[in-house]
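The structure appears right after this line, and notes come after that.
The values are calculated or read from the model by the stated rules, or taken from the named source; none is laboratory data. Computed from a prediction, not measured in an experiment: that's the story for all the values here. Virtual Cβ from ideal backbone geometry, glycine too; neighbours counted across all protein chains shown. Please note that ligands, DNA and RNA were not included when accessible areas were found on the heavy atoms of the full protein model with its side chains. Shrake-Rupley method; radii C 1.70, N 1.55, O 1.52, S 1.80 Å.
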Amino acid sequence: MRVELDEPKCVAAGQCVVVAPEVFDQRDEDGVAVVLEEHPAAELLDSVREAVAVCPAAAIRLAEL
Amino acid sequence: MSTATDQTQPNDGTELPDFPGTRSPRCPFDPPPVQAGWRRADGLTQVRLGNGHIAWAVTRYDDVKQLLGDPRLSADGHRYPQLMETQRHGQPQAFPRMDDPEHSRIRRTLTGEFTVKRVEAMRPHVRSLVNRFLEEMIAAGSPADLVRAYALPIPSLVISLLLGVPYDDHTFFQTRSATLMRKGTPQEERQAASGELFGYLLDLVKRKEREPGDDLISRLITERVVTGELTHHDVAMNSMVILHAGHETTANMIALGTLALLENPRQAARIRDTDDPKVVAGAVEELLRYLTIAQDMLVRVATEDIIVGDHLVREGEMLVSGLPSANRDVVFETADALDFDRDARGHVAFGHGVHQCLGQSLARVELQEALPALLRRLPDLRLAVPLEEVRFRHDMVVYGVHELPVAW
Ligand code: HEM
Ligand code: HEM
Ligand code: SF4
C-alpha cells in the first residue's frame, strides 16, 4: 500500500498528523502535509485509513500496490 | 449575477421556517428539534436566514461534507454580497469570504503558524495562562461568572501572545474586541471599535517592522511582506480575522463545555481522574461534536446547478450548513448522548473542505488545558443558579452561554 498526497489540495489543518503521526508531518513554512512513510507498516494502515477519512480536503489516498 | 440576488431576496409571500430554529429549553445542548426533523425527512429544506434571505438548510452529515468539499460552492463575499449580509455587514473582505485560488494563497501564509507542532510548542504557555486565570478567579472568591473570569480571558490572551500584542496594550485590545463581538453593540459603535482595532493593528504591524519579535505578525512581515506576497494592510486584516474567529469560539466552547461536564458528572470524572492526555483529547473531540457551537453563518452560494440527493440546487441559490445537526446524524451511534467512549473524530464541528477551521489545533490545545485544570483544581465546582436560569446564546452566530455563574 502506498500513501499518496495531493499537495495542492491540502488545507494544512493537520488532521492527518493528529490521527497518524508516524506517517504524516507538516512543513514548517506553510503547514502543508508531508508523507513520512510512503509505505507504512501494516499496523499503521488503520490510522492512515482514518486520516483519509478525516482529511477535510480529500487530499490523501491509500493506493493498492 | 442578477439571478443570484433575485432568488435569495426576502420573499414575504412564503412561510418558510426560520434558520437555525429554536432549541428546546429542556435540552439546551441539543440542536433545534426542527433540524432533526429536516434531517430525517428531506435532507435539504428551504429556510429563511436571520437577514431575510432564503437558503437551503443542509442538515445531514454526508450532505454537509459533500457540499462543503464541493468547489462549485462559493464563499466569495464580493461576488455574492448576500454571504456578507448574513454577517450583518461589518468586516471588510477577508479570506474566509474568498474562494480559491486567492483564498488558499492567503490562508497558506498563515497555516505554518497553526501546525500541530507549532501549537504543541505553545502548550506550556497556554497551561500557565490557564493556571493564572484559575488562581485569579479563586482569589476573587466564589461565586464567579466563569465566562468573564476564565473562558473569555484565556483565548483572548492566547491570541494576543500569538500575534505579539505588547502586554501594555492588552486592555485596549480586549475592550475593543469585546465591543465588536457583543450582540447589542449599535452599528456606529461597532464600526468605531472595528476602525480603532484595525488602526491599532496597522500601527502594530509598522512597529513590528522596526522591532520584530517572536510572533506571528513579525514573521508575516519578515517572511511575507518583504517578498511582496502580503501588504501591511493584509497582515493587519489577517490579524483581525484570527482575533475575530478564534476568540469567542474558543471561549464559548470552554464555557458550554464546562456546563455540559457539570450536567454529566460521570463523564466529567473521566477527565478529572485521568493523567492520560489521549483520554482528555478524545473527550475534547466528543465535546466538540456534541456541542457543535458554530450554529449559523456557514453559508455558501452555488455557482452552477447542483444535485444533492433528490434536490436540485440552482445556480445563485444559497446554502447554509447545520453543523450541529450533522454531528447528531446516524453516522454517530446514539448521537444524542455525550459519550467519551466513542471515537468522535471525523465530526464537522470545525467545518469541512478548504475553509475548515484554520485554528483548530490551537483550539484543541486550549480546551485540553482549560477543562481538566478547572475540574481538578475545583472538584466541588457547581452551577450557582438553576439550569433554567442560565442564559444561552440562542440567536448568536456561535452558541454558548452569556454568563455561567459557578460556585465551589
Ligand atoms: C472551538 C473553537 C473553534 C470552533 C468551534 C471553530 C469553528 C470554525 C468553523 C466551523 C469554521 C468554518 C467556517 C466556514 O466554513 O465558513 C472555522 C473557520 C476558521 N477558524 Fe475556527 N473555530 C474555533 C477556533 C478557532 C481559533 C482558535 C482560531 C484562530 C486562532 C480560528 C480561526 C479560524 C479561521 C481563520 C477560519 C477561516 C478559515 C478559512 O476560511 O479558510 N478558529 N472555524
Ligand atoms: C470574513 C468573514 C467574516 C465576516 C465578514 C464576519 C463578520 C461578523 C460580524 C459582522 C459579526 C457581528 C454579528 C452580530 O452583530 O451578531 C460577527 C460575529 C461573530 N463571528 Fe464572524 N465574520 C466572519 C468570519 C467568521 C469566522 C470564520 C468565524 C469562526 C468560526 C466567525 C465567528 C464569529 C463569532 C464567534 C462572532 C461573535 C458573535 C456571535 O456569536 O453572534 N466569524 N462576525
Ligand atoms: S488532513 Fe488533509 S488537508 Fe489536513 S494537513 Fe493532512 S493532508 Fe493536508
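Values computed for the structure shown
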| quantity | calculated |
| --- | --- |
| Peptide B:141-147 - average C-beta neighbours from other chains (10 Å radius) | 0 |
| Cα-based Lys pair tally, chain B, threshold under 29 Å, eight or more apart or on separate chains | 5 |
| Distance (nanometres) between label positions extended 7 Å along Cα→Cβ at B:ASP169 and B:ARG79 | 3.5 nm |
| Fully extended contour minus Cα-Cα distance, from B:ILE307 to B:CYS27, at 0.36 nm per residue | 97.4 nm |
| Cα-only radius of gyration and Dmax that characterise the range B:168-277, units Å | 18.7, 54 |
| Potential lengthening between A:ASP28 and A:ALA63 on full extension [0.36 nm per residue; Cα-Cα distance subtracted] | 10.0 nm |
| Protein heavy-atom accessible area occluded, B/A pair - total, 1.4 Å probe, Å² | 1700 Å² |
| Highest-fluctuation residue, B:HIS125, B:HIS232, B:HIS352 considered, GNM on chain B with Cα pairs under 10 Å | B:HIS125 |
| Accessible area in the full protein assembly, largest first, 1.4 Å probe, for B:TRP408, B:TRP38 | B:TRP408, B:TRP38 |
| Separation between Cα centres of chain A and the range B:236-286, rounded to whole Å | 26 Å |
| For residues of A:2-13, the mean tally of beta carbons on other chains within 10 Å | 4 |
| Rounded accessible area per residue of the range B:4-403, 1.4 Å, Å² | 43 Å² |
| Three-way shape call for the protein assembly as shown based on the alpha-carbon gyration tensor, with the a/c threshold at 1.5 | rounded |
| Relative contact order %, chain B, counting alpha carbon pairs below 8 Å whose residues are six or more apart | 25 percent |
| Computed magnitude of the charge dipole of the protein assembly as shown (debye, nearest 20; Cβ of K, R +1, Cβ of D, E -1) | 840 debye |
| Average beta-carbon neighbours from other chains, 10 Å sphere, peptide B:357-364 | 3 |
| Lys/Arg +1, Asp/Glu -1 at C-beta; the protein assembly as shown dipole; positive extreme among B:ILE307, B:PHE114, A:PRO21 | B:PHE114 |
| Given charges at Cβ of Lys, Arg, Asp, Glu: the protein assembly as shown dipole, positive-most of A:ALA59, B:LEU73, B:GLN368 | B:GLN368 |
| For chain B, diffusion coefficient by Stokes-Einstein and Kirkwood Rh (Cα), 25 °C, 0.890 mPa s, µm²/s | 111 µm²/s |
| Charged-residue dipole, Cβ positions (Lys, Arg, Asp, Glu), the range A:2-63 about Cα centre, Debye nearest 20 | 260 debye |
| Heavy-atom surface of chain A, accessible at 1.4 Å and reported per residue (Å²) | 48 Å² |
| Pairwise FRET efficiency - B:HIS394 versus B:GLU102, Cβ, R0 = 56 Å, nearest 0.05 | 0.95 |
| Net length gained if the chain between B:ALA121 and B:GLU136 were fully extended (0.36 nm per residue, minus Cα distance) | 2.9 nm |
| Dipole magnitude of chain B, debye to nearest 20 (Cβ charges: Lys/Arg +1, Asp/Glu -1, about Cα centre) | 720 debye |
| Listed residues B:GLY353, B:GLY141, B:GLY43, most fluctuating in chain B (Gaussian network, C-alpha, under 10 Å) | B:GLY141 |
| Rule-of-thumb Rg ratio for the range B:228-278 [Cα; 2.2 N^0.38 Å; N residues] | 1.86 |
| Global geometry of the range A:2-63, whether rounded, prolate or oblate, following the gyration tensor of its Cα atoms and the 1.5 cut on a/c | prolate |
| The range B:69-217: C-alpha gyration tensor shape, a/c 1.5 cut-off, then a/b vs b/c | prolate |
| Protein accessible area in the range B:4-403, 1.4 Å probe - carbon and sulfur % | 52 percent |
| Selected from B:ILE159, B:ILE306, B:ILE54 as most flexible by GNM, with chain B as the system and alpha-carbon contacts under 10 Å | B:ILE306 |
